[in-house]
Amino acid sequence: MDWKEEFRRGDDRPAAIGIMGGTFDPIHYGHLVTAENARHFFSLSRVIFVPAYRPPHKKQRRISPPEHRLEMVRLAIASNPHFTVSDMEISRRGPSYTIDTVLAMQQAYPAARLFFITGADAVLEILSWHRVTELLQNCTFIAATRPGYQLGQLRHNLSALPEVLLRRILTMEVPALAISSTDIRQRVREGRPVKYLLPEAVEDYIYRQALYQGD
Ligand code: NAP
């Protein structure tokens with residue numbers, strides 16, 4: 001039985017909820033398509049976007065203030081009744097450990113099966129994440145990949161995981177993830193267009209707040 005079949009049969013809990021984790025600096029159509037595809041494929045009753053306050057592995061780049069990132073998510077998801085946003089990680093402050101978020105969501109939705117959706121490049125480092133075994137025991141990961149993404153490195157990095165935990169990490173290719181936040185920031189900085197890469201309301205917000213002008 002392949003994992004899709006197993007997934008469909010394997011759980012009789014009534015609801016499945018997606019937790020969409022990321023920095024969202026800024027949110028763009030790639031993220032929105034990822035969340036919507038995951039919702040459809042895994043029959044998620046809702047997807048909760050959770051902007052990270054401080055992603056634990058973040059490199060040197062200065063990230064935009066959390067209020068801006070949260071507001072851009074709010075604007076971007078406004079038209080989708082299945083999407084909501086939580087400021088849980090932002091209110092918690094400190095490093096945004098996914099295990100803390102998953103355990104809090106479990107308390108809030110005790111009957112639901114939880115899926116954590118994020119980019120495959122973030123999942124590459126999952127073995128070094130805080131309390132990774134407990135994390136994988138409590139949610140299933142959906143690692144979204146960009147077109148042409150080579151799974152070799154991910155497989156290699158995950159090979160130390162026992163089979164039972166490995167099965168909790170699924171991958172999903174999302175063509176729209178050719179769009180990236182890094183590229184959008186660079187385009188804004190260089191005065192190139194970002195139209196059609198992200199919702200208009202988010203684009204307006206970026207220019208109104210003069211984000212990404214000088215990083
Ligand atoms: P990142 O390094 O900013 O992103 C890695 C890659 O994944 C980028 O290509 C990014 O594209 C893409 N990506 C990020 N979020 C995505 C999403 N929701 N859907 C589709 N693609 C996505 O990753 P990060 O924001 O630092 O971390 C991602 C999540 O993992 C966050 O929720 C973070 O808190 C969590 N995390 C937890 C731990 C821990 O618990 N110890 C450690 C590291 C990360 P874009 O730049 O275009 O978004």
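The values are calculated or read from the model by the stated rules, or taken from the named source; none is laboratory data. The model shown is predicted, which means the values in this text are computed figures rather than measured ones. No Cβ is skipped: glycine too gets one built from the backbone with ideal geometry, and neighbour counts run over all protein chains shown. Quick note on the areas: whole protein, heavy atoms, side chains included, nothing else; ligands and nucleic acids left out. Shrake-Rupley method; radii C 1.70, N 1.55, O 1.52, S 1.80 Å.
Per-structure values
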item	result
Selection from the range 80-109 of residues that are in a loop (DSSP other than H, G, I, E, B), closer than 20 Å to R131 by Cα and not small (G, A, S)	R93, P95, Y97
Of all residues in the range 97-116 being in contact with a Gly (Cβ under 8 Å, 6 or more places away or on another chain) and among the polar types (S, T, N, Q), the one that is least open to solvent (accessible area, probe 1.4 Å)	T101
Per-region count, the range 180-215, residues closer than 24 Å to T118 by Cα, open to solvent by 30 Å² or more (accessible area, probe 1.4 Å) and of a type outside the set (D, E, K, R)	5
Residue under evaluation Q153, criteria (1) at pLDDT 95 or above; (2) open to solvent by 70 Å² or more (accessible area, probe 1.4 Å), criterion not met	(1)
Matching residues in the range 15-59 - criterion: being open to solvent by less than 10 Å² (accessible area, probe 1.4 Å), part of a helix (DSSP H, G or I) and more than 8 Å from the ligand (Cβ to nearest atom)	A38
